[in-house]
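J.: If you scroll down you'll find the structure; I have some questions about it.
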Amino acid sequence: MNTDFRMEGLTLTVSDLKRSIDYYCALGLKLEWDAAPHFAMLRVGDSNGGALGLLSFADAQAEGVTEIGPLQARGLHVELSTDDLDALYSELLAKNIVIDVPPHEEKWERAMTAFDPDGYSVEFSEGRRGKQ
């Protein structure tokens, strides 16, 4: 028997919860649950979209996390998609969001990358991932 399941989201450990909430809200995510100073959950798109959790470093320490560093941040990245990468690029620049790698062609997709306040890579690609 194969019971279906889905990915709801992921949680990042962050050094400053409010700063991270502000950053991801500026990108366009919606704050769905604010349990500051411990945790927040943001929603991508409508109510059917995935969730991004933000866990404060202090709370993560209770679970054994000893630091937030560049190796952790570079070890994962948040992947988002849009139907119009150029329009999104313009919108984010107008909000003074720094785009570290502007829209460009890869062999498998067109994408751009920003880094959040803790150094996590936030990649935006054009079209749906895994769809041709």
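Only the coordinates and a few stated rules stand behind these numbers; no lab work does. None of these values were measured; they are calculated from a predicted model. Note: ideal-geometry Cβ built from the backbone for every residue, glycine included; neighbour counts use all protein chains shown.
J.: Give me Tyr89, Tyr24 ranked fewest to most by other Cβ atoms within 10 Å of their Cβ, as a rough exposure proxy.
T.: So the ranking, lowest neighbour count to highest, is Tyr89, Tyr24.
J.: Okay, moving on. Using a cut-off of 12 Å between beta-carbons, work out the net charge of the residues near Asp86 (Lys and Arg +1, Asp and Glu -1, Asp86 not included).
T.: Surrounding charge for Asp86 is -3.
J.: Taking every pair of distinct Cα atoms and averaging 1/r, then inverting, what Kirkwood hydrodynamic radius in Å comes out for the chain?
T.: Computed over Cα pairs of the chain, the Kirkwood hydrodynamic radius comes out at 15.8 Å.
J.: Quick one: net charge around Arg74, please, counting Lys, Arg +1 and Asp, Glu -1 for every other residue with C-beta under 13 Å from its C-beta.
T.: -4
J.: What order do you get for Glu126, Glu32, Glu105 when you list them from fewest to most C-beta neighbours inside 10 Å?
T.: Least crowded to most crowded, the residues run Glu105, Glu32, Glu126.
J.: Now a separate question. If I build a Gaussian network model for the chain, linking alpha-carbon pairs within less than 10 angstrom, which residue out of Gly53, Gly28, Gly64 has the largest mean-square fluctuation?
T.: Evaluated over the chain, the most mobile residue of the options is Gly64.
J.: Give me the percent of DSSP beta bridges within the range 9-126 that run antiparallel, rounded to the nearest 5.
T.: Bridges in the range 9-126 that DSSP calls antiparallel: roughly 60 percent.
J.: About the Cα centre of the chain, what is the dipole size in debye to 20, counting +1 per Lys and Arg Cβ and -1 per Asp and Glu Cβ, all else neutral?
T.: Magnitude of the dipole: close to 100 debye.
J.: Return one number: the angle in degrees, 0 to 90 and rounded to the nearest 10, between the long axis of the Cα atoms of helix 17-27 and the longest principal axis of the Cα atoms of the chain.
T.: Long axis of 17-27 versus the principal axis of the chain: about 10 degrees.
J.: Eight or more residues apart or on different chains, and alpha-carbon atoms under 20 Å: count the Lys pairs in the chain matching that.
T.: Lysine pairs, 8 or more places apart or on different chains, close enough: 4.
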